[in-house]
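Please read the structure below before turning to the comments.
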Amino acid sequence: MATALSEEELDNEDYYSLLNVRREASSEELKAAYRRLCMLYHPDKHRDPELKSQAEQLFNLVHQAYEVLSDPQTRAIYDIYGKRGLEMEGWEVVERRRTPAEIREEFERLQREREERRLQQRTNPKGTISVGVDATDLFDRYDEEYEDVSGSGFPQIEINKMHISQSIELEFGAGDLQGPLFGLKLFRNLTPRCFVTTNCALQFSSRGIRPGLTTVLARNLDKNTVGYLQWRWGIQSAMNTSIVRDTKTSHFTVALQLGIPHSFALISYQHKFQDDDQTRVKGSLKAGFFGTVVEYGAERKISRHSVLGAAVSIGVPQGVSLKVKLNRASQTYFFPIHLTDQLLPSAVFYATVGPLVVYFAMHRLIIKPYLRAQREKELEKQRESAATNVLQKKQEAESAVRLMQESVRRIIEAEESRMGLIIVNAWYGKFVNDKSRKSEKVKVIDVTVPLQCLVKDSKLILTEASKAGLPGFYDPCVGEDKNLKVLYQFRGVLHQVMVLDSEALRIPKQSHRIDTDG
């Protein structure tokens, strides 16, 4: 699968990859890597005017990388924001005497302020459209003796309610039988770990204007847990308390409400799968004066800005309902479909299996082809926008390889004298090994010389970073998955290994040995 490239990735140098050091590298490791590259690229080591000019450019780039990473303050900023962070708006107000931790905190504050200003400049209202559907006639129909009754031949499906609301700072809703709704939301931080939200609303109906007020007090109990206390005054007054724990893999809620007319206890759990589609499955149990409701469902990302979900609600005396929800950017479309007032196994079966069948059919026939076409279109745009940058990186890589030739010759002589590590061939880029993808073009570059130049004392160590940033490398296929394939000789025996682009590599290893016994 092609990986999307952000604008920052196209513009920013990876200084760690350029120096071939870990992101946790000590000052001694940085200095050793810098000295080694200085010996390779120092302009005074080259007499040819063209090589001398190329060496000067690469030397300045290495020097810039070392200057940034050797200074604790600038390194702290680079680690968070990359090269652009060093030129960020607000840098002038950060005192250089501060510790790296203080600078990180200051830059996070500046980022929050910029985000708040950006949000204030946008007019991106949140909206909800809810359409209630009554489909009880599908399951609660008359017996056969009533088939002669006019209009009884086909089940009747009706839209029984509709509600639309939009909000920016104010909230406006319309629909249902209760009339339009006008509301105002206020938010305020009380302490760094505690905040309060207040919502004042006016409901207009045939009985007059009905005011309402909802206040929520929340406190962060720990990094992943928040406790809420809610008061609601108006036609349906209630007090609700809940604890919500949200982690990378799960979402758990326990709630208790006392109010008029509804009092209930709720427990719900949601599991988050760590896949590209951000799949989530959830279940809940709600019991109160109105009865008991069990609900289960799932949701999945179907495009970059859209999430589709469905849930089955089974309750006494509510019956069986299917709830379909689509989140598209800041808009929510909600379709509660009431299937039956009774607990009919057929309604439960079709409410569970029906959405799954429809989803997988749509995903295979419509969504998947559409996403593939969109991905190819975006990838093509990335290639076009990165074309100039890639050409420049290619020229820098070719220059680096020419500058490495003399050093590589000496390294090979030293390694051959002790039966050490010789890089026979090395390729970097997109490899196509799957027979079903033979039509795809292989896009690789020869990186034998750059890798041999990194060999020291019969060892080659590459850190966890994109290989495209290494001296003598460049990205031959922007936005696509890449690998590094190395054929090397150690102690007179051939070895071979292939690793992912950002995977660490350490050679030689016994497991890389090519078995020639057979």
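The values are calculated or read from the model by the stated rules, or taken from the named source; none is laboratory data. Only a predicted model underlies this, so the values are computations on that prediction, with no experimental measurement involved. Note: ideal-geometry Cβ built from the backbone for every residue, glycine included; neighbour counts use all protein chains shown. Surface accessibility is based on the protein's heavy atoms, side chains included, excluding ligands, DNA and RNA. Shrake-Rupley method; radii C 1.70, N 1.55, O 1.52, S 1.80 Å.
Data overview
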quantity: Residue match in the range 458-477 (condition: among the charged types (D, E, K, R), under 25 Å from Arg35 (Cα atoms), touching a helix residue (DSSP H, G or I) at 6+ places or on another chain (Cβ under 8 Å) and at pLDDT below 90); calculated: yes
quantity: Leading residue by the ranking (surrounded by the most Cβ atoms within 10 Å (Cβ to Cβ)) among those in the range 190-229 that are more than 33 Å from the chain's Cα centre (by Cα) and of a type in the set (A, V, I, L, M, F, W, C); calculated: Ala201
quantity: Residue selected from the range 1-24 under the condition surrounded by 18 or more Cβ atoms within 10 Å (Cβ to Cβ) and among the hydrophobic types (A, V, I, L, M, F, W, C), by the criterion modelled with the lowest pLDDT; calculated: Leu5
quantity: Among the candidates Gly234, Gly208, Gly227, residue that is farther than 23 Å from Gln318 by Cβ, among the small types (Gly, Ala, Ser) and touching a Leu at 6+ places or on another chain (Cβ under 6 Å); calculated: Gly227
quantity: Lys443 being open to solvent by 10 Å² or more (accessible area, probe 1.4 Å) and closer than 17 Å to Ala25 by Cβ; calculated: no
quantity: Test: residue in the range 371-384 that is touching a Ser or Thr at 6+ places or on another chain (Cβ under 8 Å) and surrounded by 13 or more Cβ atoms within 10 Å (Cβ to Cβ); calculated: yes
quantity: The lone exception for Arg47 - which of (1) open to solvent by 80 Å² or more (accessible area, probe 1.4 Å); (2) assigned to a helix (DSSP H, G or I); (3) modelled with pLDDT of 65 or more; (4) out of contact with any Pro (no Cβ under 6 Å at 6 or more places or on another chain) it fails; calculated: (2)
quantity: Selection from the range 385-419 of residues that are open to solvent by 70 Å² or more (accessible area, probe 1.4 Å) and either without any contact (Cβ under 8 Å) to a residue 24 or more places away in the chain or in contact with a Phe, Trp or Tyr (Cβ under 6 Å, 6 or more places away or on another chain) (or both); calculated: Thr388, Leu391, Gln392, Lys394, Gln395, Glu398, Glu406, Arg409, Arg410, Glu413, Glu416, Ser417
quantity: Options Arg328, Arg232: the member that is in contact (Cβ under 8 Å) with a residue 24 or more places away in the chain, of a type in the set (Lys, Arg) and either buried (at least 16 other Cβ atoms within 10 Å of the Cβ) or under 30 Å from Tyr350 (Cβ atoms) (or both); calculated: Arg232
quantity: Residue pairs meeting the criteria (Cβ under 8 Å; at least 6 apart or on separate chains; first under 17 Å from Leu454 (Cα atoms), in the range 30-48; second of a type in the set (Val, Ile, Thr)); calculated: Leu30/Val21; Ala33/Val21; Tyr34/Val62; Leu37/Val62; Cys38/Val62; Tyr41/Val62
quantity: Out of Leu308, Leu339, sole residue that is surrounded by 18 or more Cβ atoms within 10 Å (Cβ to Cβ), hydrophobic (A, V, I, L, M, F, W, C) and within 24 Å of the chain's Cα centre (by Cα); calculated: Leu308
quantity: Positions within the range 380-427 being part of a helix (DSSP H, G or I), more than 20 Å from Leu37 (Cα to Cα) and among the basic types (Lys, Arg), in sequence order; calculated: Lys381, Arg383
quantity: Elements of type strands (runs of 3 or more DSSP E) contained in the range 285-367, each with 2 or more residues being over 28 Å from His262 (Cβ atoms); calculated: 291-301, 306-316
quantity: Residues satisfying the stated conditions in the range 225-259, i.e. farther than 30 Å from Thr279 by Cβ, among the hydroxyl-bearing types (Ser, Thr, Tyr) and either assigned to a loop (DSSP other than H, G, I, E, B) or modelled with pLDDT under 90 (or both); calculated: Ser237
quantity: Candidate set from the range 126-144 (those that are over 13 Å from Gln331 (Cβ atoms) and surrounded by 17 or more Cβ atoms within 10 Å (Cβ to Cβ)); member that is modelled with the lowest pLDDT; calculated: Phe139
quantity: Filter result (buried (at least 20 other Cβ atoms within 10 Å of the Cβ) and among the polar types (S, T, N, Q)) within the range 449-462; calculated: Gln452
quantity: Test: residue in the range 266-277 that is within 17 Å of His363 (Cβ to Cβ), open to solvent by 70 Å² or more (accessible area, probe 1.4 Å) and outside any strand (DSSP E or B); calculated: yes
quantity: Lys272 being at pLDDT below 90 and under 31 Å from the mean Cα position of the chain (by Cα); calculated: no
quantity: Enumeration of residues in the range 476-487 that are surrounded by 20 or more Cβ atoms within 10 Å (Cβ to Cβ) and either among the basic types (Lys, Arg) or free of Cβ contacts under 8 Å to residues at least 12 places away in the same chain (or both); calculated: Lys482
quantity: So Arg300, is it touching a Leu at 6+ places or on another chain (Cβ under 8 Å) and closer than 30 Å to Arg375 by Cβ; calculated: yes
quantity: Residues located in the range 488-514, provided they are open to solvent by 40 Å² or more (accessible area, probe 1.4 Å) and part of a helix (DSSP H, G or I); calculated: Gln510, Ser511
quantity: Sole residue being without any contact (Cβ under 8 Å) to a residue 40 or more places away in the chain, open to solvent by less than 30 Å² (accessible area, probe 1.4 Å) and of a type in the set (Val, Ile, Thr), chosen from Thr241, Thr249, Thr253; calculated: Thr253
quantity: Where a residue in the range 297-325 is under 15 Å from Ala347 (Cβ atoms) and its partner, wherever it lies, is at pLDDT below 90 and part of a loop (DSSP other than H, G, I, E, B), with Cβ under 6 Å and at least six apart; calculated: Gly319/Asp341; Gly319/Gln342
quantity: Hits in the range 464-475 - residues which are crowded, with 20+ Cβ neighbours inside 10 Å and not acidic (Asp, Glu); calculated: Ala465, Lys467, Ala468, Gly469, Leu470, Pro471, Gly472, Phe473, Tyr474
